[in-house]
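First the structure, in the form of C-alpha cells, and then the observations on it.
The values are calculated or read from the model by the stated rules, or taken from the named source; none is laboratory data. If you're wondering where the values come from, they're calculated on a predicted model, not measured in any experiment. Don't worry about glycine lacking a Cβ; one is built from the backbone with ideal geometry, like all the others, and counts go over all protein chains shown. Keep in mind that these areas ignore ligands, DNA and RNA; they rest on the heavy atoms of the full protein, side chains included. Shrake-Rupley method; radii C 1.70, N 1.55, O 1.52, S 1.80 Å.
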Amino acid sequence: QVHLVESGGGLVQAGGSLRLSCVASGRTFSSGAMGWIRQAPGKEREFVAAVTSGGRTYYADSVKGRFTISRDNAKNTVYLQMNSLKPEDTAVYYCNAALTISTIQAFGGSWGQGTQVTVSS
C-alpha cells in the first residue's frame, strides 16, 4: 500500500502561480509513474499531468505550457508547478501513483486525499 500526501494548494488570483507537492510513502513506485488528477465541482475528473520514473512527462492539453510536473525519486516526491493560473483551474488536485502512465490517465493507482486550488478572477 502506498500513502500519498499532497500540499501546496490555496487561493490565488488569476495569472498567479502555485506549486503542489506530493510525498509518497509505504510501498513506493520507484520504477513507476506519478501524476496529478483534478476534479472541479460538478465536473468529471480530469487528468492533468504525469511523469515516469525516468522523467518523461505527459500533460493535458488544457495545461500545456502553463504547468510543469517534476519528481525527485530520492525523496519519493512529485511536484506540480502551476503558472498563469485561470479560474477554470479551480479544483481539488489529487496526487496519483501507479506502475504506468496509462493507469494514472485511467484514474487508477493510489490516490492522495487531495488539495484545494482556487483561482479567483
With all protein chains present, how much of the accessible area of the chain (probe radius 1.4 Å) comes from carbon and sulfur, to the nearest whole percent? 48
Using Cα-Cα distances under 8 Å and only pairs 6 or more residues apart, what relative contact order does the chain have, in percent? 36
Any idea how far apart ALA106 and THR52 come out in nm if each label point goes 7 Å out from Cα toward Cβ? 1.8
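Can I get the semi-axes of the stretch 1-68's equivalent ellipsoid? Compute them from the C-alpha gyration tensor as square roots of 5 times the eigenvalues, in angstrom, largest first.
22, 15, 13
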Taking H as built 1.01 Å from N, whose amide H comes closer than 5 Å to the amide H of LEU99, not counting residues under 5 places away? ALA33
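In Å², and per residue, what accessible area does the chain have when probed at 1.4 Å with the other protein chains present?
On a per-residue basis, the chain sits at 49 Å².
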Using only the alpha carbons of the chain, what is the convex hull's orientation-averaged projected area in square nanometres? 6.5
